[in-house]
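Notes to accompany the following structure.
The values are calculated or read from the model by the stated rules, or taken from the named source; none is laboratory data. All of these numbers come straight from a predicted model, not from anything done at the bench. Glycine also receives a Cβ, built like all others from the backbone with ideal geometry; neighbour counts cover every protein chain displayed.
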2 protein chains.
Amino acid sequence: MIALDANGADGGPGTVAEGARLSGVEALLFGPASQLGGLHAVDAPTRIGADEEPVRAVRRHPEASIVQAARAVGEGRAEALVSAGSTGPTLAAATLSVKRMRGVHRPALAAMIPVPGGPVLLLDAGASVEVRPERLVQFAHMGAAFMESVLAVERPTVGLLSVGQEAGKGTPEVIEAHGRLSDGPLNFVGNVEGFDLPAAAVRVVVTDGFTGNVALKVMEGSSRTVRNLIGDAVRSGVVSRAGGLLVRGAVRRVRDQLDPERVGGAILLGMRKPVVLAHGSFGPAGIASAVRLARRAVDEDMVGRTAAALEAGGALRSASVGSVAG
Amino acid sequence: MIALDANGADGGPGTVAEGARLSGVEALLFGPASQLGGLHAVDAPTRIGADEEPVRAVRRHPEASIVQAARAVGEGRAEALVSAGSTGPTLAAATLSVKRMRGVHRPALAAMIPVPGGPVLLLDAGASVEVRPERLVQFAHMGAAFMESVLAVERPTVGLLSVGQEAGKGTPEVIEAHGRLSDGPLNFVGNVEGFDLPAAAVRVVVTDGFTGNVALKVMEGSSRTVRNLIGDAVRSGVVSRAGGLLVRGAVRRVRDQLDPERVGGAILLGMRKPVVLAHGSFGPAGIASAVRLARRAVDEDMVGRTAAALEAGGALRSASVGSVAG
């Protein structure tokens, strides 16, 4: 059973309900029951928006749909959480109820980037902003375990995002993480640069949440700018009207090829149950693929395999610290 | 007089010589004299490549063209330095001979990004990798002073790259820099996100050299990927051959519009004389525009106006520290 927050998608609860139906996966929806078309649902009309401070809003609104959905997962009434709402409240509710895996420093938001040769998994895309070598190492293991278990990519290539390929390039934190990953069991290819992300030079790109968030948004913005420029060239009459239709066709194909709906958004790694974040802009097809991704993460025991990978890689937070700090 | 390193460009010394001629600016070339077509030149065939550790290579090869060119600037025989060679040796040679401005913590590599509504100045694009609030503040002042003095942009908008627009979003360093810039004299609009860079939402984007380097390369890689995808759509016969020619035309126009040659590469800010870095891939037109940019930086007293802006903004390193640490 997948718990699905039906509030938050730009298209409204009806879009989420349609996506749930399309997915063919058993789901429990949390949202305004009257708009959920008779699906298995808990009536939870309250929506937490992007304008409130997430942690405070989540504590203040136990009745909100995302809070109830996360609680259903935490209490074992559902196996995974899917949300198309704002990232902040989803992370806050998941942290409160789904909880971090034992020995994990920080969860990582892993974005599936739909480039040719991909998807490429970029993590952390913004769950936290502090950089620590031991966190980067955990991100690498968690990302690789996801690619293996859920996307069935065998021994995925893993790269560490830096400012040059050489091992000595980057911040002290990156250099230290590079050393630890070089000695570890992953298929670690070393540092990668910004170019390598859209080129799918590796399948898992590891970075801190600040850099990852910037990189993801630069990438989305750049491809939009280039597509708009080509569109403008057509509209300005530089190419003929007939040619323009053909150009538009090519641009649309590219947009479709880079379409995040095809992949299923992002997944929060390092939690005790799978937590999938769909884009707010997703239509029913995107919601359905997010729900299927969550189902697959449950069926393939992503969490168990992640824990095993972290342990095998010697990347778990040490037990003594863990027992004190949770 | 502009000192121009004629080694380093992918097209070889002949390309640089041709660019110098095209610029119409008086320049002194440093390179293999036999390949410089009778231009005013110092015979300096030694080239420092990207494979050596830059600081060591620069110290070991005082006869290298970039080292001699930087020395000419440091000793007052030239007013500015232009190089199309690797970034590392250029930075190392400039640091050694041109030297930092008094009161500047670290120089910043400022990349001029040729997007519609731009160019947008992104700094630091990789001169250093450490993040400190006081450095971010200096970058903001130096970037704005460059835009005002050299590109004649009045009171350019300045944004701080972060993971959300709100003042509280980002690393502790970014949050502190945000507070200081909010109280300062610049046209500071607050935080900007990755999307805002290609959209030219502000004219000066301030960030640390690690994030800036990644962002710049992600941007270059993304626009290349989108252009290639459109090219592939054409070649795969999805559009007719006639349509294909038109699509290629539109793609070429976009490539030209985003062409770094039109702008002139990057400039190292915070040095006692202007230091311009052309892309290694530049042809004569790009080299010429880099040389003209350096000339303009001299004529408009960029360095003096930068010093005045840093002082007026209260952003200079304190005198007591400065007198000890240089």
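What residue, of A:Val218, A:Val226, is within 7 Å of another protein chain (Cβ to nearest Cβ), in contact with a helix residue (DSSP H, G or I) (Cβ under 7 Å, 6 or more places away or on another chain) and at pLDDT below 90? Don't jump to the end; show me each part of the working.
Values: A:Val218 fails: at pLDDT below 90.
After ruling out the rest, the residue left standing is A:Val226.
State the number of residues belonging to segment A:98-121 that are at positive phi and either small (Gly, Ala, Ser) or more than 17 Å from the chain's Cα centre (by Cα) (or both). Quick ask: steps written out before the conclusion?
First, pick out the residues of segment A:98-121 that are at positive phi: A:99, A:103, A:117.
From the residues that got through so far, the ones that are either small (Gly, Ala, Ser) or more than 17 Å from the chain's Cα centre (by Cα) (or both) too are A:103, A:117.
Qualifying residue count for the region: 2.
Taking B:Ala78, is it surrounded by 24 or more Cβ atoms within 10 Å (Cβ to Cβ), of a type outside the set (S, T, N, Q) and over 21 Å from B:Gly280 (Cα atoms)? It would help to see each step written out before you state the result.
Values: surrounded by 24 or more Cβ atoms within 10 Å (Cβ to Cβ): yes; of a type outside the set (S, T, N, Q): yes; over 21 Å from B:Gly280 (Cα atoms): yes.
So B:Ala78 fits the description; yes.
Residue by residue, here is whether (1) touching a strand residue (DSSP E or B) at 6+ places or on another chain (Cβ under 9 Å); (2) farther than 20 Å from A:Phe188 by Cβ holds:
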position: A:Ala70; (1), (2): yes, yes
position: A:Gly88; (1), (2): no, yes
position: A:His105; (1), (2): no, no
position: A:Asp124; (1), (2): yes, no
position: A:Val131; (1), (2): no, no
position: A:Glu148; (1), (2): no, no
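For (1) more than 14 Å from chain A (Cβ to nearest Cβ); (2) not polar (S, T, N, Q), each residue gets a yes or a no:
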{"position": "B:Thr95", "(1), (2)": "yes, no"}
{"position": "B:Pro114", "(1), (2)": "no, yes"}
{"position": "B:Val120", "(1), (2)": "no, yes"}
{"position": "B:Val137", "(1), (2)": "yes, yes"}
{"position": "B:Gly143", "(1), (2)": "yes, yes"}
{"position": "B:Phe146", "(1), (2)": "yes, yes"}
{"position": "B:Val163", "(1), (2)": "no, yes"}
{"position": "B:Ala167", "(1), (2)": "no, yes"}
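Results for (1) at pLDDT below 95; (2) outside the structural domain of A:Asp51 (by TED's automatic domain parsing), shown as yes or no for each residue.
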position: A:Gly88; (1), (2): yes, no
position: A:Leu91; (1), (2): no, no
position: A:Leu96; (1), (2): no, no
position: A:Glu134; (1), (2): no, yes
position: A:Ala145; (1), (2): no, yes
position: A:Pro156; (1), (2): no, yes
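Out of everything in segment B:268-326 that is surrounded by 24 or more Cβ atoms within 10 Å (Cβ to Cβ) and over 30 Å from B:Gly11 (Cβ atoms), what residue ends up being modelled with the highest pLDDT?
Ranking the qualifying residues of segment B:268-326, first place goes to B:Thr306.
So in segment A:183-200, with the set limited to residues that are touching a helix residue (DSSP H, G or I) at 6+ places or on another chain (Cβ under 8 Å) and closer than 28 Å to A:Ala308 by Cα, which one is farthest from the other protein chains (Cβ to nearest Cβ)?
Initially, segment A:183-200 is screened for residues touching a helix residue (DSSP H, G or I) at 6+ places or on another chain (Cβ under 8 Å), giving A:184-188, A:190-191, A:193-199.
Cutting the leftovers down to closer than 28 Å to A:Ala308 by Cα gives us A:184-188, A:190-191, A:197.
Numbers: A:Gly184: 23, A:Pro185: 26, A:Leu186: 21, A:Asn187: 22, A:Phe188: 19, A:Gly190: 16, A:Asn191: 11, A:Leu197: 6 Å.
Per the criteria, the residue is A:Pro185.
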